[in-house]
Amino acid sequence: MKKDDIWRLSMELGEKFGCHQIPERSFTIFGYQFPLCARCTGILAGQALAIFTPLVKLLPKSKRISLAAIVPTAVDGFTQYMNLQKSNNHRRFATGLIAGFGMVAFCKCILTRKDK
């Protein structure tokens, strides 16, 4: 399988995940656009880090705190959408990373039925 074929398949997969894949809002690797935008990449990375590392023990045990971790991403996306500020890929990735942790923490709260 050629690099272009792998890239095309990964772009199709990213689209199926619901990512808009806008080129200027995506990172590039070796001249290829990453299959997820910076924000979706951050969210996925945050979820993976929260699940697959010992950090899962450090996740908040409160639904409110977990949901609060998602707020920076929502604020960044909303203010960008309303043309109140211009975001950049590093901010999108960072807020997405925090949101990914928050999403996993929220799911952990629900599954363990603990909320303080």
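Determine if region 79-94 includes at least one residue that is within 17 Å of LEU111 (Cβ to Cβ), open to solvent by 30 Å² or more (accessible area, probe 1.4 Å) and in a helix (DSSP H, G or I).
no
Give me a count of the residues in region 41-61 that are in contact with a helix residue (DSSP H, G or I) (Cβ under 7 Å, 6 or more places away or on another chain) and either modelled with pLDDT under 90 or open to solvent by less than 70 Å² (accessible area, probe 1.4 Å) (or both).
So the count comes out to 13.
Does region 11-26 hold any residues that are open to solvent by less than 60 Å² (accessible area, probe 1.4 Å) and touching a Leu at 6+ places or on another chain (Cβ under 9 Å), and which are they?
Scanning region 11-26 gives GLY14, CYS19, GLN21, SER26.
Give me a count of the residues in region 95-116 that are assigned to a helix (DSSP H, G or I) and in contact with a helix residue (DSSP H, G or I) (Cβ under 8 Å, 6 or more places away or on another chain).
Counting residues in region 95-116 that are assigned to a helix (DSSP H, G or I) and in contact with a helix residue (DSSP H, G or I) (Cβ under 8 Å, 6 or more places away or on another chain) gives 15.
Which ones in region 64-78 are part of a helix (DSSP H, G or I), closer than 28 Å to ARG113 by Cα and open to solvent by less than 70 Å² (accessible area, probe 1.4 Å)?
Scanning region 64-78 gives SER66, ALA68, PRO72, THR73, ALA74.
The values are calculated or read from the model by the stated rules, or taken from the named source; none is laboratory data. Remember, predicted model here, so these are calculated numbers, not experimental data. Positions of Cβ are generated from backbone atoms using ideal geometry, with glycine treated the same way; all protein chains shown enter the neighbour counts. SASA here: full protein model, heavy atoms, side chains in, ligands and nucleic acids out. Shrake-Rupley method; radii C 1.70, N 1.55, O 1.52, S 1.80 Å.
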